[in-house]
1. Leu120: accessible area at probe 1.4 Å, nearest 10 Å²?
2. How much accessible surface area, in Å² rounded to 10, belongs to the heavy atoms of Glu63 with a 1.4 Å probe?
3. Can you list the lysines whose alpha carbon is less than 21 Å from that of Lys56, not counting same-chain residues fewer than 8 positions off?
4. List the trypsin sites (Lys or Arg not before Pro) within segment 23-112 that fall in a DSSP loop (any state other than H, G, I, E or B) and whose Cβ has at most 11 other Cβ atoms within 10 Å.
5. Order the following by accessible area, largest value first: Arg129, Arg166. Probe radius 1.4 Å; ligands, DNA and RNA are ignored.
6. Using 0.36 nm times the number of residues separating Phe131 and Ser114, minus their current alpha carbon distance, what extension gain do you get?
7. Quick check: pseudo-label points 7 Å beyond the Cα along Cα→Cβ at Ala22 and Leu139, how many nm apart are they?
8. What does the net charge come to around Ile48 if you take all other residues with beta carbon closer than 10 Å to its beta carbon, with K and R at +1 and D and E at -1?
Amino acid sequence: ATPQGVVADVPEQSMTEAAEEAALFEKAQAAVKATMADNAQLAENIYIEQTPEGLKIDIVDSEKHPMFVPGSGALTPEGEAVLARMLPIIKKMPNYMSISGHTDASPIDNKDPSYTNWELSADRANSARRFLIQEGMELERPKKVVGMADPEPLDEEDRRHPKKRRIWIVMLKR
């Protein structure tokens, strides 16, 4: 099936189509929770909600289970495990997707001053995209891969909290 989403040239949704999509998102939301239920360690890294843009799967770092190698776009084994568990659910959905990378406010410790949290967040989003495709997701599914750096923090009190290091996968509304 051809993926659909906000970037596709489709007319406005009817009320019936919108209700069907909302039900699909609710089913996917329940499936994500169910697939993570047997692994409390990985489940603490997943937040899922319906947004105006679509179904957002927020995959965050934690102190004990980082999703990415610190200061790098490389996925950790935990990051790969979370994405691998999400993939069958994502593949069942007919929607296009957007992947956004986010960082905390910590400066990157490297020798290249031009490599900032902007590049790091984009690398993390792209790393997630590459992993999902390598594991069998269709090439045309991702329609946006975005680096957001740290301007959208989850917690204004601690701009370096591990949960700020995250990716969003949004299954875009049709």
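The values are calculated or read from the model by the stated rules, or taken from the named source; none is laboratory data. Keep in mind it's a predicted model, so treat the numbers as computed, not measured. Every residue, glycine among them, receives a Cβ derived from its backbone with ideal geometry; neighbour counts consider all protein chains shown. Heads up: the accessible areas ignore ligands, DNA and RNA and are worked out on the full protein's heavy atoms, side chains in. Shrake-Rupley method; radii C 1.70, N 1.55, O 1.52, S 1.80 Å.
1. Approximately 10 Å² for this residue.
2. 150 Å²
3. Cross-link targets: Lys27, Lys33, Lys91, Lys92, Lys143, Lys144, Lys163, Lys164, Lys173.
4. Working: sites: Lys27, Lys33, Lys56, Lys64, Arg85, Lys91, Lys92, Lys111; in loops: Lys64, Lys111.
Qualifying residues, ordered by number: Lys64, Lys111.
5. Values: Arg129 60, Arg166 5 Å².
Reading off the accessible areas and sorting them downward yields Arg129, Arg166.
6. Details: separation 17, 0.36 × 17 = 6.12 nm, distance 2.56 nm.
So the extension gain works out to 3.6 nm.
7. 3.7 nm
8. Working: positive: Lys33, Lys56; negative: Glu49, Asp58.
Local net charge: 0.
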